[in-house]
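The values are calculated or read from the model by the stated rules, or taken from the named source; none is laboratory data. Keep in mind the model is a prediction, meaning the values are calculated, not measured. All Cβ positions, glycine included, derive from the backbone under ideal geometry; neighbour counts span all protein chains shown. When the accessible area is computed, the model is the full protein with side chains, heavy atoms only, and any ligands, DNA or RNA have been set aside. Shrake-Rupley method; radii C 1.70, N 1.55, O 1.52, S 1.80 Å.
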Amino acid sequence: MNPYTLPDPELERLLGEDVPAGDATTLALDIGERPGRLDFRARYEMVVCGSEEARRLGELRGLTVSGAVVASGTPLAAGATILSLEGPASGLHTVWKTAQTLMEYLSGIATSTAAIVAAARRGDPNCAVVCTRKNFPGTKAAAVKAVLAGGASPHRLSLSETLLVFAEHRAFLDATPAASIARLRRRWPERAVVVEVGNIGEAQTWAAAGADILQLEKWPVEAVADIIRQLPGTRIAAAGGINASNAEAYARAGCRILVSSAPYFAGPRDVAVTLSAL
């Protein structure tokens, strides 16, 4: 499942970072025109992501694909081939590290995401995992692709298209909760109103005011289960510290939305590379 592919200008930017003025070693050795092959394999089990970008990086430098390319979102066993590229040594050496590293980092996010999604679904098949906007700045498009490849969805793509009222917003409000909700609905009538709450009293207040979703930040599982019983029909999102070790418990407590930043901090999944002459 390939959600989308990063555009060529972004891929050219990545190549330009690593090879801003040509490959000095390959040039000095005068081996750039010799044909070769670059094979990428999963060193360990992983959910692969970034294979389409790796392929396109090769094409942008005159390489051709040999065989099939495993699509992003595909679970792979250790040792499985992701893709193979053939062409001149100059192109192979230019693309090698950028393609490898991009796949490693994105596959790390995708693999971590998939583990959280699997845990949540063990607790309740209808529980959804969404990932925050806490990706490393400048990597949003790539990070979101990895989240989608892992089976989750974005929580908020940006501040510009969602309504999420934090305590930090409420510090500036003079209006009542009901009046504040009404104002949001007048100004952004097509958006759900999400309010992050810190305790049961706040949850009750903002549910009564008409919030569409209550986001519970770092609430223990027992407290989440309690508020779900108290506010039947209110959509509840658990956030803060959600990961593969506790997602099942939150889902079993009745939470249908789990908000996580954990995938962005996952370690890369190693991609083994073999570069050989033909």
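Consider Leu159 carefully, then state whether it is among the hydrophobic types (A, V, I, L, M, F, W, C) and either open to solvent by less than 50 Å² (accessible area, probe 1.4 Å) or in contact with a His (Cβ under 7 Å, 6 or more places away or on another chain) (or both). In short, no. When Thr176 is tested against (1) open to solvent by 40 Å² or more (accessible area, probe 1.4 Å); (2) within 28 Å of Ile109 (Cβ to Cβ); (3) in contact (Cβ under 8 Å) with a residue 24 or more places away in the chain, only condition (2) is not met.
Within the range 3-23, residues that are within 22 Å of Val147 (Cα to Cα) have Cβ atoms under 7 Å from residues that are acidic (Asp, Glu) in these pairs: Thr5/Glu52; Thr5/Glu53; Leu6/Glu53; Leu11/Glu53, counting only partners at least 6 apart in sequence or on another chain.
Just checking, which of Ala128, Ala142 is closer than 24 Å to Ala238 by Cα, surrounded by 13 or more Cβ atoms within 10 Å (Cβ to Cβ), under 23 Å from the mean Cα position of the chain (by Cα) and in contact (Cβ under 8 Å) with a residue 60 or more places away in the chain? Full working, then the answer.
Working: Ala142 fails: closer than 24 Å to Ala238 by Cα.
On inspection, the qualifying residue turns out to be Ala128.
Criterion first (outside any loop (DSSP other than H, G, I, E, B) and under 23 Å from Val117 (Cβ atoms)) does Lys134 satisfy it? Let's see the steps before the verdict.
Numbers: outside any loop (DSSP other than H, G, I, E, B): no; under 23 Å from Val117 (Cβ atoms): yes.
Criteria not met by Lys134.
Across the range 249-263, what is the number of residues that are assigned to a helix (DSSP H, G or I) and more than 14 Å from Ala114 (Cβ to Cβ)? If you could, list the steps in order and put the result at the bottom.
Within the range 249-263, the subset assigned to a helix (DSSP H, G or I) is 249-252, 262-263.
Pick out the ones that are also more than 14 Å from Ala114 (Cβ to Cβ) and you get 249-252.
Number of matching residues: 4.
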